[in-house]
1. Say we look at segment 112-157 and pick out the residues that are among the small types (Gly, Ala, Ser) and under 22 Å from Ala83 (Cα atoms); which of these is modelled with the highest pLDDT?
2. I'm told Gly209 meets every condition in (1) more than 18 Å from Ala312 (Cα to Cα); (2) surrounded by fewer than 18 Cβ atoms within 10 Å (Cβ to Cβ); (3) assigned by TED's automatic domain parsing to the domain that holds Asp243 except one. Can you identify the failing condition by its number?
3. Filter segment 378-390 down to residues that are crowded, with 21+ Cβ neighbours inside 10 Å and small (Gly, Ala, Ser) and give me whichever is nearest to the chain's Cα centre (by Cα).
4. Anything in segment 357-391 that is part of a helix (DSSP H, G or I), of a type outside the set (Lys, Arg) and touching a strand residue (DSSP E or B) at 6+ places or on another chain (Cβ under 8 Å)? List them, or say none.
5. Across segment 102-111, which residue is surrounded by the fewest Cβ atoms within 10 Å (Cβ to Cβ) among those that are at pLDDT 95 or above and not aliphatic (A, V, I, L, M)?
6. May I ask you to verify whether Glu335 is in contact (Cβ under 8 Å) with a residue 40 or more places away in the chain, surrounded by fewer than 20 Cβ atoms within 10 Å (Cβ to Cβ) and out of contact with any strand residue (DSSP E or B) (no Cβ under 7 Å at 6 or more places or on another chain)?
7. Assess whether Ala357 counts as being among the aliphatic types (A, V, I, L, M), under 29 Å from Ser241 (Cα atoms) and surrounded by fewer than 22 Cβ atoms within 10 Å (Cβ to Cβ).
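The values are calculated or read from the model by the stated rules, or taken from the named source; none is laboratory data. Just so it is clear, the model here is predicted, and its values are computed rather than measured. Note: ideal-geometry Cβ built from the backbone for every residue, glycine included; neighbour counts use all protein chains shown.
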Amino acid sequence: MSDPGLALCVNSGSSSVKLTVLAADRSGPRGSQQRIAEAAIEGVGTAAPRAWVRRAGDTEPKPRPVGGDAGVAATIDLALSLARELVHQPAFVVHRVVHGGARLRQAVLVDDTSLAAIEALAPLAPLHQPAAVAGMRAALRRWPGVPHVACFDTAFHADLPELAWRLPLPRELAGDDLRRYGFHGLSYGHVMWTLGTPPPERVVIAHLGNGSSLVAVRKGRSIDTTMGFTPAGGVCMGTRSGDLDPGVFFFLARERRLTIDDIERVCEHESGLRAVGGTSDMKTLMAEREREPRAALAVTMFAYGVRKAIGALAAALGGLDTLVFTGGIGAHVAEVRQEACAGLQPWGVTLDPSRNARGDGLVSSAGSACPVRVVAADEESQMVREALSLLAG
């Protein structure tokens, strides 16, 4: 028998498995979700994975024992065992999937057909897709009697205009798959839900965290975004390089004798803030920036890249009615917001220092022509909303 109204969200990544239980309110036109509990295993595939559980009201997560390097599949199974501490039989299970390709444009029920389609997209997201598929298969075995729904981070960008999604490559090479997809769509969907109906006509959202991207939204639809074919593109990130001149790759291969795998490792795991500032942790960089030039440069480069992206996306929109910051850095690091907005006065952006320091809700000044808001990231609530919409249909 299922636990009425409880949804289990599963986010199986390349280095962690995160589980969230929400009370899904099916009443009302928009619905609401209350976070009941969370669990996670972090450091998947390493010699020292960490597991924890946190229920509503807990001030700190409570650690759980976990063995050594057991591999991704075994660790996912262990994570789902932790979920049993939180919910015995959920009403439904919803899975976060990074890539839906060009064809999976909205949430789908997980069955043999959709699983095969999702697995076939592994070459487009080799770090993320296999883990998501493994998580779905393990959860289906654990809870075979309830609906399972897959939600896609690319779906928010499914209607990008061709001038935004097409890459300037020969068509015979690009085919149907080599294109701009865009990511962080579940985060963007939650922000737009928060802004209400009807939304502001021209919105730029900056999802800033270890992975960062920005999107231009016109009348509720994504018209352009900084991430492209993979989540490695766009602005500089924690360990990802963001956009690079293609000549860099040619040089690394010819002059530094790096293989394709070497270049992928460097661009995905050894670049970005880590390469410039010595660490990918923004909190550490902020603490060290006054005495460590490398840390100061990393923060400044990051904020500068975000500022340029905001300006470019505002230009694509023909103006800016609302600017939103979300994600771990976007919602919690006031100094980055301040530096990213410096010089955006021509777009009507002016922050209020005291509001920005608090970082809650509206952070723009009373005279700012463009409201600037902070919205806490909540992909799980968006996943539940999409699942409820699919199941109700």
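1. Ranking the candidates gives Ala150 first.
2. It is condition (2) that Gly209 fails.
3. So, considering only residues that are crowded, with 21+ Cβ neighbours inside 10 Å and small (Gly, Ala, Ser), the one nearest to the chain's Cα centre (by Cα) is Ser381.
4. If the condition is that a residue be part of a helix (DSSP H, G or I), of a type outside the set (Lys, Arg) and touching a strand residue (DSSP E or B) at 6+ places or on another chain (Cβ under 8 Å), then Glu379, Glu380, Ser381, Gln382, Met383, Val384, Glu386, Ala387, Leu388, Leu390, Leu391 are the ones that fit.
5. So the residue we want is Asp111.
6. Working: in contact (Cβ under 8 Å) with a residue 40 or more places away in the chain: yes; surrounded by fewer than 20 Cβ atoms within 10 Å (Cβ to Cβ): yes; out of contact with any strand residue (DSSP E or B) (no Cβ under 7 Å at 6 or more places or on another chain): yes.
So Glu335 fits the description; yes.
7. Values: among the aliphatic types (A, V, I, L, M): yes; under 29 Å from Ser241 (Cα atoms): yes; surrounded by fewer than 22 Cβ atoms within 10 Å (Cβ to Cβ): yes.
Criteria met by Ala357.
Quick grid of which residues meet (1) free of Cβ contacts under 8 Å to residues at least 40 places away in the same chain; (2) under 17 Å from Gly101 (Cβ atoms); (3) among the small types (Gly, Ala, Ser):
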position	(1), (2), (3)
Ile118	yes, yes, no
Leu127	no, yes, no
Ala139	no, no, yes
Val146	no, no, no
Phe156	no, yes, no
Pro168	yes, no, no
